[in-house]
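The values are calculated or read from the model by the stated rules, or taken from the named source; none is laboratory data. No experiment lies behind these values; they were computed from the predicted model shown. Note that we place each Cβ from the backbone using ideal geometry, even for glycine, and neighbour counts take in every protein chain shown.
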Amino acid sequence: MKEVIIGGVGKYAPSKIITNDQLSEIIETSDEWIYSRTGIKQRHVSIGEDTSYMASEAAKMALENANIRSIDIDLIVVATCTPDMYTPSTACIVQSIIGANNSVAFDISAACSGFIYGLDVAKSLMKSNGYNNALVIGAENLSKSVDWEDRSTCVLFGDGAGAVVLSKSDNVGLISSFCKSEGEKYKCITIEGNDVDSPFVENKVIKSSKLKMNGNEVFKFATSTIVNSINKVLNENNLNLDDIDYIIPHQANVRIIDYAAKKLKVSVDKFYMNIEEYGNTSAASIPIALSEMWKKKLIKKGNKIILVGFGAGLTYGATLINWAI
Ligand code: UT7
């Protein structure tokens with residue numbers, strides 16, 4: 001068995017929902033502004049669930065869906081930019097919670113592209129190291145990292161997690177993918193870490209642990225990147241958009257997706273969107289969408305799907321999938 005398929009999907013979203021109208025009670029904003037500029041109506045917000053908890057819940061659902069026991073998992077990759085702790089990794093905490101005692105576990109930091117990066121890394125390791133089953137999870141607790149007094153960012157994000165089980169197979173599942181980074185633009189979106197502070201530091205730099213984003217710059221990057229990434233996977237596989245059943249983009253802004261549909265001359269219906277309900281859940285947005293589509297029976301065996309992500313780093317990437325279950 002030389003190929004890798006997605007054998008199961010799962011998701012978790014906190015039950016606490018905050019609507020745009022509720023936000024307008026704590027900051028100067030409105031449902032009209034948020035919905036017309038982003039397509040967001042509400043977001044799920046943690047009331048204490050941390051990233052590892054949400055990731056574990058999504059993982060348990062994916063394992064059940066794939067009919068695989070946690071002890072049969074060889075690799076756990078968690079994509080997150082909002083880990084529980086600097087160390088250990090969120091993946092190690094997930095390993096402990098779900099009892100996946102036979103796996104190697106680590107995190108990937110590629111923000112909203114993290115799930116795409118995670119699939120690529122997991123597939124490579126499965127092929128090179130002989131792992132049979134892997135969990136790739138995108139999980140975020142952005143509500144602990146946004147500045148709730150900054151209306152230009154706090155209205156955009158939500159919390160949640162999505163997970164897939166990858167398994168070795170004779171069938172082709174993950175057909176092809178690519179990941180790319182543009183580190184020279186790293187200042188466009190940041191959540192800074194600890195200050196460099198010790199008895200030996202003369203000029204202390206005060207950092208901010210809150211998310212900061214240059215929205216306009218990222219918007220320009222996102223619109224060009226989403227189109228170029230889709231075209232790249234199509235060209236590399238000698239396919240055109242008629243061969244693709246669905247595109248699942250990172251859910252950052254409806255206007256980015258509308259732009260991509262127009263530019264690619266394809267109906268916007270080809271793009272799955274759920275940003276209205278969840279907001280931007282960064283690394284979790286693509287696997288949450290995938291899990292939701294599976295549950296709604298929108299995707300069927302043999303469907304060709306493109307996953308496309310972009311975000312802090314700046315990072316981007318896309319994956320072409322043959323749905324094999
Ligand atoms: O997931 C990682 C990738 N992230 C993205 O892809 C995000 C990309 N960027 C975007 O989606 C958009 O740039 C935003 C949604 C962040 C912002 O939309 P925009 O249409 O670019 O708005 P803007 O930043 O240009 O702001 C327009 C106006 C400003 O007021 P003035 O200066 O024109 O008077 C803002 O102060 O809207 C104001 N504004 C708000 N007003 C009401 C900003 N945030 C809000 C708000 N409510 N929440």
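Which pairs have Cβ atoms under 6 Å, sit 6 or more apart or on different chains, and link a residue in segment 112-124 that is modelled with pLDDT of 95 or more to one that is of a type in the set (Ser, Thr, Tyr) and within 16 Å of the ligand (Cβ to nearest atom)?
As it stands, the answer is 112/282; 113/315; 113/316, since those pairs meet every condition given.
Among the residues in segment 85-105, are any surrounded by fewer than 21 Cβ atoms within 10 Å (Cβ to Cβ) and touching a Leu at 6+ places or on another chain (Cβ under 7 Å)?
Checking segment 85-105: at least one residue is surrounded by fewer than 21 Cβ atoms within 10 Å (Cβ to Cβ) and touching a Leu at 6+ places or on another chain (Cβ under 7 Å).
Of the conditions (1) out of contact with any Ser or Thr (no Cβ under 6 Å at 6 or more places or on another chain); (2) within 16 Å of the ligand (Cβ to nearest atom); (3) under 26 Å from residue 320 (Cα atoms), residue 64 fails just one. Which one is it?
Only one criterion is unmet by residue 64, namely (2).
Contact list please: Cβ distance under 6 Å, first residue in segment 217-237 and in contact (Cβ under 8 Å) with a residue 24 or more places away in the chain, second residue within 15 Å of the ligand (Cβ to nearest atom) and among the hydroxyl-bearing types (Ser, Thr, Tyr), pairs at least six apart or on different chains.
Pairs that qualify, where the first residue is in contact (Cβ under 8 Å) with a residue 24 or more places away in the chain and the partner is within 15 Å of the ligand (Cβ to nearest atom) and among the hydroxyl-bearing types (Ser, Thr, Tyr), are 223/259; 225/316; 229/316.
Scan segment 250-274 for residues that are near the ligand (Cβ under 10 Å from one of its atoms) and in a helix (DSSP H, G or I) and jot them down.
Selection gives 254, 255, 256.
Tell me, please, whether a residue that is over 18 Å from the mean Cα position of the chain (by Cα), free of Cβ contacts under 8 Å to residues at least 60 places away in the same chain, surrounded by fewer than 17 Cβ atoms within 10 Å (Cβ to Cβ) and not in a loop (DSSP other than H, G, I, E, B) can be found in segment 178-188.
Within segment 178-188, one or more residues are over 18 Å from the mean Cα position of the chain (by Cα), free of Cβ contacts under 8 Å to residues at least 60 places away in the same chain, surrounded by fewer than 17 Cβ atoms within 10 Å (Cβ to Cβ) and not in a loop (DSSP other than H, G, I, E, B).
Please work out which residue is surrounded by the most Cβ atoms within 10 Å (Cβ to Cβ), limiting yourself to segment 27-53 and to residues that are outside any helix (DSSP H, G or I) and of a type in the set (D, E, K, R).
Among those residues, the one meeting the criterion is 43.
Could you tell me how many of the residues in segment 36-66 are out of contact with any Gly (no Cβ under 6 Å at 6 or more places or on another chain), in contact (Cβ under 8 Å) with a residue 40 or more places away in the chain and closer than 29 Å to residue 268 by Cα?
Counting residues in segment 36-66 that are out of contact with any Gly (no Cβ under 6 Å at 6 or more places or on another chain), in contact (Cβ under 8 Å) with a residue 40 or more places away in the chain and closer than 29 Å to residue 268 by Cα gives 6.
Just a yes or no: is a residue in segment 37-51 more than 16 Å from the ligand (Cβ to nearest atom) and farther than 29 Å from residue 152 by Cβ?
Looking through segment 37-51, none of the residues is more than 16 Å from the ligand (Cβ to nearest atom) and farther than 29 Å from residue 152 by Cβ.
With the checklist (1) surrounded by fewer than 24 Cβ atoms within 10 Å (Cβ to Cβ); (2) within 14 Å of the ligand (Cβ to nearest atom) in hand, flag the one item residue 226 doesn't pass.
(1)
Name the single residue that is nearest to the ligand (Cβ to nearest atom) among those in segment 281-325 being under 13 Å from residue 164 (Cβ atoms) and in a strand (DSSP E or B).
307
Of all residues in segment 6-51, count the ones that are under 25 Å from residue 97 (Cβ atoms) and not basic (Lys, Arg).
Qualifying residue count for the region: 18.
Which of the residues belonging to segment 1-26 are surrounded by 13 or more Cβ atoms within 10 Å (Cβ to Cβ) and in a loop (DSSP other than H, G, I, E, B)?
Within segment 1-26, 13, 14, 16, 24 qualify.
Tell me the residue from 233, 201, 196 that is farther than 30 Å from residue 154 by Cβ, modelled with pLDDT under 95 and more than 16 Å from the ligand (Cβ to nearest atom), please.
One residue alone meets the criteria, 201.
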